[in-house]
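Peer 1: Can you read through this structure? Questions will come right after.
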Amino acid sequence: MSGKYYSSEDDSEDFSDNFSLGNYINPKNFSSKKSKRTSRKKSRRTSRKKSRRTSRKKSRRTSRKKSRKTSRRRRSSKPCKSYQHRDPVTHRCKNKPCKSYQRRDPITHRCKNKPCKQDKHRDSVSKRCVKKNSSRKTSRKKSRKTSRRRRSRRTSRKKSRRTSRRRRSRRTSRKKSRKTSRRRRSRRTSRRRRSSTRKPYKPCKSHQYRDPVTHRCRNKSYKPCKSHQYRDHVTHRCRNKSGRKTPGKKPKKTSDKKPKSKVTYNCLTNKTTRQPYCQRITGGTGKYKTLQDCLAVCKRVTGGYDYNGGACQWNINGKYKTLDECKKETDKNCKSKYGCSDSETWKKCYRRNSLRLHPDKGGDPEKFKELVNCNDFFTK
């Protein structure tokens, strides 16, 4: 069966005869079932191997993660030394920063004091290099600072105790107020229930009235008696102390009213309507004492526009009736005053005159202000 050639005839025949007759037999045709079994076994083996590999990889990953966690825990569990601190990012021990009067020892890695000069020595309180004579002063200053800190701590503790007591008292007062409010509600409800069966009240006396809350008779509020009188507890009237009226004139009544302030008036013009009106001013700063005098003057007034502070503004004593007239004349006056030609622009004229009239170059400051006002008129 293993690659041999078989024939129906005798074994002594030639190989060529057997091949020519077509009697070649393939051994795979007889072993087809066995081949299927072997292929199945191989596929099962490969799948098992793959599953084992993946499980090994997963186990390795989990073991690595566990090892990392344990290493971190070990690192965090190890306490840092006295001259170190734990870094919040890397979770490793790092050296603490030394102070200004210290330096790090390269062998022990600890902060040590720097050596002082010959004229100085190390202060026991501040631990800094100080002159030999000034040690007492520094110690006194330090002692004062410590005493102040202690006092501030004591006061803060006292304040905290007070606040805690106040909070407790507030809580107790709230609880009591709740209890009292409940009691009042219960009383009101009980009163309402009894009101239907209650007897009518007795009428109050002439000098009394019925309180709407407590429903009791109370005395009316009277005016206070004079200095030589007293209130009778029976009749509730004012009576003289000696039984007779005091001789002499009656005391004058003092008026509590404030003295009137002086009122005066001023003639002004409305910005929108351009009409004159009288304004009332207290304190006596106005021109006219009475309203009639102010109205008599305001009726005669015929206001207009006038050039003031770099622009044409409305004024009672203005020369020009319209705004355009004021602008035209101010334009002519400014250009003729400073010698500006018709072809020359205002900018060139302003530069030429500013260099001439500037106070830093020996010019008059008042004339320079007038020139600036003209420039504001043209620019605006």
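Peer 1: Tally time: how many residues in segment 255-265 are at pLDDT below 85 and surrounded by 11 or more Cβ atoms within 10 Å (Cβ to Cβ)?
Peer 2: Selection size over segment 255-265: 2.
Peer 1: Determine, yes or no, whether Asp119 is touching a Lys or Arg at 6+ places or on another chain (Cβ under 6 Å) and among the acidic types (Asp, Glu). Can you show your working first?
Peer 2: Working: touching a Lys or Arg at 6+ places or on another chain (Cβ under 6 Å): no; among the acidic types (Asp, Glu): yes.
Judged against the criteria, Asp119 is not a match.
Peer 1: Which one of these is in contact with a Cys (Cβ under 9 Å, 6 or more places away or on another chain), modelled with pLDDT of 80 or more and surrounded by fewer than 11 Cβ atoms within 10 Å (Cβ to Cβ): Tyr201, Tyr288? Working first, answer last.
Peer 2: On the way: Tyr288 fails: surrounded by fewer than 11 Cβ atoms within 10 Å (Cβ to Cβ).
None of the other options fit; the residue is Tyr201.
Peer 1: May I pose another question? If I ask for residues that are hydrophobic (A, V, I, L, M, F, W, C), touching a strand residue (DSSP E or B) at 6+ places or on another chain (Cβ under 8 Å) and without any contact (Cβ under 8 Å) to a residue 24 or more places away in the chain, which ones from segment 101-125 would you list?
Peer 2: As a first pass, look at segment 101-125 and keep what is hydrophobic (A, V, I, L, M, F, W, C): 107, 111, 116, 125.
Within this subset, residues satisfying the condition of being touching a strand residue (DSSP E or B) at 6+ places or on another chain (Cβ under 8 Å) are 111, 116.
Selection gives Cys116 alone.
Peer 1: Which condition breaks for Thr70 when tested against (1) closer than 30 Å to Lys141 by Cα; (2) modelled with pLDDT under 85; (3) surrounded by 10 or more Cβ atoms within 10 Å (Cβ to Cβ)?
Peer 2: Single failed check for Thr70: (1).
Peer 1: Do any residues in segment 137-161 that are under 26 Å from Asp123 (Cα atoms) have Cβ atoms under 6 Å from those of residues that are modelled with pLDDT under 80 and surrounded by 10 or more Cβ atoms within 10 Å (Cβ to Cβ), where the two are at least six apart or on different chains, and which pairs are they?
Peer 2: From residues that are under 26 Å from Asp123 (Cα atoms), the pairs are Thr138/Ser126; Ser139/Val125; Lys142/Val125.
The values are calculated or read from the model by the stated rules, or taken from the named source; none is laboratory data. What you see is a predicted model; the values in this text were computed from it and never measured. Cβ sites come from the backbone with ideal geometry, for glycine too, and all protein chains shown count toward neighbours.
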